Amino acid sequence: MAVKDMQTIVSLAKRRGFIFQSSEIYGGINSCWDYGPYGVALKKNVKDAWWQDNVLRRQDMTGLDSSILMSPQIWQASGHLSNFSDPMVDCKKCKLRYREDTLESKTCPACGGEFTESRQFNLMFKTFMGPVEDDANIIYLRPETAQGIFVNFKNVQQTSRKKLPFGIAQIGKSFRNEITPGNFTFRTREFEQMEIEFFVNPEQADEFYEYWKNERFDWYKRFGIKPENLQLREHDNDELAHYARGCADVEYKFPFGFSELEGIANRTDFDLNKHMESSGRDLTYLDPQTNKKFIPYVIEPSAGADRATLAFLIDAYNEEPDGDENRVVLKFHPRLAPVKVAIFPLMKKPPLKEFAQKLNSDLIKRFVCEYDEVGSIGKRYRRQDEIGTPYCITVDFDSLEDNAVTIRNRDTMQQERINTSSLIEYLDKNLNI
Ligand code: ATP
């Protein structure tokens with residue numbers, strides 16, 4: 001059985017140390033979340049999987065880590081200062097605040113009250129750079145990582161000597177003062193993005209737009225999201241941002257309905273053009289074959305690390321019969337699982353304990369391991385199932401004689417005996433897929 005509702009995931013995430021409410025001991029702070037020990041491992045594995053597939057394993061990609069605070073002129077040029085806003089309305093009666101474009105009715109869904117006139121609310125967080133809090137020192141927390149890539153286009157292209165088509169990838173925090181955050185980590189005010197700006201010859205833009213839509217859609221399936229829970233939705237013309245020539249969303253079937261995981265857009269030459277105009281610097285590309293200069297077009301697959309992590313967590317969740325009871329098991333793809341192998345001595349006494357601890361210290365050099373000697377083996381299996389550990393290894397009295405251990409598969413619950421000398425090879429083959 002899959003996840004029934006968001007509350008099931010929120011409770012599991014808290015109980016097992018994936019995600020906690022931020023500032024909890026002070027009553028919590030709205031829409032901010034902290035990743036606990038297994039959550040930080042899961043999210044890091046999601047980001048590593050993305051980086052590996054999109055940067056390290058490709059010749060046409062390179063990475064960047066630009067700063068969060070940037071010149072305010074960047075946001076002026078990109079249009080964020082004037083346009084990065086959502087329409088906001090308040091209910092005159094109960095005072096609840098809404099993002100107007102997400103409302104289905106013209107009256108307050110909570111109390112039926114009338115709304116105020118809609119106002120545009122800019123989503124960028126403002127602060128001051130340096131000790132003086134005046135207008136000249138206003139600075140913004142970036143609402144997307146993309147602009148850091150555009151303004152470094154020339155630096156990266158020249159130092160990496162990449163030729164078109166090539167992409168620059170970046171993972172980092174972004175901030176948006178969302179009017180209505182919610183649905184756990186789906187919409188927060190501080191979140192992490194995984195963005196690619198792929199620079200192409202304008203003539204090839206349509207071809208690469210198609211390519212990246214498919215590539216990114218397939219990536220989620222490759223890491224275990226069930227195909228029936230994913231859809232690719234092309235935007236209607238009236239949904240497109242003013243600079244975009246095409247945009248499609250990869251959507252996941254969250255418990256609250258299909259919603260965006262990632263957007264893939266053809267941003268044309270809009271951003272490079274604007275930064276060229278505004279900075280006075282030449283951001284054109286000289287094609288070495290034709291000797292012609294032009295401004296590249298950009299295809300942008302823009303994903304959220306927190307939304308992806310949440311989708312992987314929800315999709316992995318299963319409740320299924322285990323003997324007379326039910327077990328909760330997270331069937332993560334092995335590369336995403338926070339812990340790869342758990343090691344149990346049948347009893348917490350020597351010599352089983354020493355054997356298991358030695359095995360743990362050998363394996364931990366290669367795989368993320370967890371040693372557990374507390375409770376019955378059945379309880380220990382349950383604990384690992386709930387955090388999605390693909391393999392559990394039990395050391396018993398026979399192990400002392402034959403140097404073999406029992407390895408249990410999380411998904412099939414099948415157990416097999418395996419000699420410790422073959423363990424690394426076995427785990428390598430099954431985990432690093
Ligand atoms: P939405 O329509 O949901 O507000 P968006 O279209 O504004 O999202 P983009 O600007 O395309 O989002 O951002 C790219 C990605 O960054 C999104 O697909 C999402 O995964 C992530 N993202 C954007 N805003 C948030 C947020 N407030 N909280 C968590 N992730 C976010």
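The values are calculated or read from the model by the stated rules, or taken from the named source; none is laboratory data. Computed from a predicted structure; not experimentally measured. Glycine also receives a Cβ, built like all others from the backbone with ideal geometry; neighbour counts cover every protein chain displayed. SASA here: full protein model, heavy atoms, side chains in, ligands and nucleic acids out. Shrake-Rupley method; radii C 1.70, N 1.55, O 1.52, S 1.80 Å.
Quick notes on this one:
- Cysteines, the chain, no other Cys beta-carbon under 4.7 Å: CYS32, CYS247, CYS369, CYS392
- Across the cross-link table entries LYS162/LYS292; LYS126/LYS173; LYS340/LYS365; LYS14/LYS348; LYS106/LYS253; LYS43/LYS331, which are compared at the Cα atoms, the separations over 19 Å belong to LYS14/LYS348; LYS106/LYS253.
- q = 0.07, 0.13, 0.14 Å⁻¹, the chain: log10 I(q)/I(0) [Debye, one scatterer per Cα]: -0.44, -1.20, -1.31
- Radius 11 Å from Cβ of ASP322, net charge of other residues (Lys, Arg +1; Asp, Glu -1): -3
- Helical runs assigned H by DSSP (4 residues or longer) give the chain a calculated mean residue ellipticity at 222 nm of -8500 deg cm²/dmol, each run adding -39500 (n - 2.57) before division by the residue total.
- Extension gain, THR127 to SER278, is 52.1 nm, computed as 0.36 nm per intervening residue step minus the present C-alpha separation.
- Accessible-area rank, largest first, for PHE150, PHE397: PHE397, PHE150, with all protein chains present and a 1.4 angstrom probe.
- Virtual paramagnetic centre 7 Å along Cα→Cβ of GLU114, amide N under 11 Å, in the stretch 80-100: 92-93
- When only the Cβ of Lys, Arg, Asp and Glu is charged (+1, +1, -1, -1), the dipole of the chain relative to its Cα centre reaches about 900 debye.
- Sum of side-chain charges, ASP306 neighbourhood, beta-carbon under 11 Å (Lys, Arg +1; Asp, Glu -1): +3
- Ranked by solvent-accessible area (1.4 Å probe, protein heavy atoms only, all chains present), the residues ARG222, ARG161, ARG408 order from largest to smallest as ARG161, ARG222, ARG408.
- Candidates LEU310, LEU96, LEU363, ranked by Gaussian network fluctuation over the chain, Cα under 10 Å, top entry: LEU96
- CYS94 sits with roughly 50 Å² accessible to a 1.4 Å probe, with DNA, RNA and ligands left out of the calculation.
- Computed across the stretch 8-149, the Kirkwood hydrodynamic radius from all distinct Cα-Cα pairs reaches 19.4 Å.
- Choice from ASP282, ASP271, ASP324 showing the highest fluctuation, given a GNM over the chain with Cα pairs closer than 10 Å: ASP324
- Förster radius 22 Å - calculated FRET efficiency between LEU103 and ALA244, Cβ distance, rounded to 0.05: 0.40
- Most to least accessible of GLU215, GLU425, GLU178 (protein chains only, probe 1.4 Å): GLU425, GLU215, GLU178
- Among the trypsin sites (Lys or Arg not before Pro) found in the stretch 40-137, those both in a DSSP coil and sparsely packed, with 14 or fewer other Cβ atoms within 10 Å of their Cβ, are ARG57, ARG58, LYS92, LYS93, LYS95, LYS106.
- Cα gyration tensor shape for the stretch 312-359, rounded if a/c is under 1.5, else prolate or oblate: oblate
- For the stretch 419-428, backbone phi angles converted through the Karplus equation (6.51, -1.76, 1.60; θ = phi - 60°) give residue-by-residue couplings of 6, 4, 5, 9, 4, 4, 4, 4, 5, 4 Hz, Gly and Pro being listed as x.
- The chain: angle of helix 305-316 to the longest principal axis, Cα-based, in degrees nearest 10: 40
- If R0 is 30 Å, the Cβ-Cβ spacing of MET347 and GLU319 corresponds to a FRET efficiency of close to 0.50.
- Angle between the chain longest axis and helix 6-15 axis [Cα atoms, degrees, rounded to 10]: 60
- Probe 1.4 Å - accessible area at SER279, Å² to nearest ten: 70
- Other residues whose C-beta falls under 15 angstrom from the C-beta of SER399 contribute a net charge of -2, scoring Lys and Arg +1 and Asp and Glu -1.
- Potential lengthening of the chain between GLN7 and ILE364 amounts to 125.1 nm, from the contour at 0.36 nm per residue minus the alpha-carbon distance.
- Gyration tensor (alpha-carbon) shape descriptor, the stretch 339-431, a/c threshold 1.5: rounded
- Rounded if a/c under 1.5, otherwise prolate or oblate - the stretch 112-218, Cα gyration tensor axes: oblate
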